[in-house]
Amino acid sequence: MPIVAVVLVMISCLLHAVWNLLLKQARDKIAFTALYLLASSVIYLPLFLWQLPDARISVAGWACILCTGFLYVGYFAGLAAAYAQGELSVAYPLMRGLGPVLVLVGGVVLMGERPSPAGIGGVLVILLSLIALQRQSSPQETPRSNPALKARSPIAAAIVVGVIYSLYSMVDKMAVGRLQVAPPVYLYLTYAVSSLFILPTVIFSRGAAALKQEWAANGMASVAVGALSVFSYLLVLYAMSLPGAPVSYITPLRTASVLFGMLLGAVVLKEGRLAPKLAIGMVMVCGITLVAWKG
């Protein structure tokens, strides 16, 4: 894999963990989600308009945009549900680690990619570490102010997010890699599609007052997440667009963010059990190394 792709993905890992921390700290996470999606639409509008005249989007490209946009609806809602009850240091690694296992299968079946035996072994190591990590989970009580997120299990919500993550990763590789859709235009439109569903749904189900209250409490944090969530994934899309950077390797490499997530959850949020979580995380990193360097 090109070293530039590795650097871009690692920077993205850090930024991704930071904005997930901010989401976890939000009072009303689904309202916060609607706010940061709206913020991203405003922040990146100039970049989108600048790139749009040169964009050449085929019918297949538009299909990818709509597909990922709809997948994002479940992804963002799942994130909010997982963090409403689960620990960041457990839910975040579960969501990030499950993706490589599924993307490996999808990359082979749908895109004809052929990971080496070492790459396959690395994914198996990741899978085993995820099984160990879920035993460290201590579900948290959902705040009364956020009754819409009464998920039966934060682990179940995290698994759903991991599945969706793997699906949109494959669609995105097709869009920016094979179909050559400009990453800023592609990502802006996919976020816009998800926003058109999530924002009205929140207003209809919770009322505009929920958005106003969350803005008063965490307005600047939602703006920060709107900026970081798009920028961190733009780095990944650019990495995917580089020749010789298969999705079955990039997605596992992104799993390096689990260590950042574990540290932020255990230290900043004081979720505890840092030693066993980091030990499991290091095992996961071994799997990441096999996939990214020997795959």
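The values are calculated or read from the model by the stated rules, or taken from the named source; none is laboratory data. Quick caveat: nothing in here was measured; it's all calculated off a predicted structure. Using ideal geometry, Cβ is built from the backbone for each residue, glycine included, and neighbour counts are taken over all protein chains shown.
List of remarks:
- Contact annotation: residue pairs with Cβ atoms under 7 Å, 6 or more positions apart or on different chains, pairing a residue in region 53-73 that is of a type in the set (A, V, I, L, M) with a partner that is modelled with pLDDT under 95 and not in a helix (DSSP H, G or I), are 55/182; 57/181; 60/179.
- Exclusive hit being modelled with pLDDT of 70 or more and either among the basic types (Lys, Arg) or over 18 Å from the mean Cα position of the chain (by Cα) (or both), set 121, 112: 121
- The residues of region 253-295 that are at pLDDT 80 or above and of a type in the set (Lys, Arg), listed by number, are 270, 277.
- Tabulated pairs, region 17-39, first outside any helix (DSSP H, G or I), second buried (at least 24 other Cβ atoms within 10 Å of the Cβ), C-beta under 7 angstrom, 6+ apart or interchain: 26/32; 26/214; 27/214; 28/214
- Filter result for residue 94 (modelled with pLDDT under 90 and within 16 Å of the chain's Cα centre (by Cα)): yes
- In region 83-93, the residues that are in a helix (DSSP H, G or I) and under 20 Å from residue 256 (Cβ atoms): 88, 89, 90, 91, 92, 93
- Every residue from region 173-197 that is surrounded by fewer than 20 Cβ atoms within 10 Å (Cβ to Cβ) and more than 22 Å from residue 239 (Cβ to Cβ): 192, 193, 196, 197
- Qualifying residue in region 218-236 (condition: of a type outside the set (Ser, Thr, Tyr), modelled with pLDDT of 90 or more, buried (at least 20 other Cβ atoms within 10 Å of the Cβ) and more than 16 Å from residue 18 (Cβ to Cβ)): no
- Qualifying positions in region 34-79 - within 24 Å of residue 209 (Cβ to Cβ) and surrounded by 15 or more Cβ atoms within 10 Å (Cβ to Cβ): 34, 35, 36, 37, 38, 39, 40, 41, 73, 76, 77, 79
- Among the residues listed as 49, 71, the single one being assigned to a helix (DSSP H, G or I) and touching a helix residue (DSSP H, G or I) at 6+ places or on another chain (Cβ under 6 Å): 71
- Within this structure, residue 206 fails the test of being surrounded by 21 or more Cβ atoms within 10 Å (Cβ to Cβ) and either of a type in the set (D, E, K, R) or on the phi > 0 side of the Ramachandran plot (or both).
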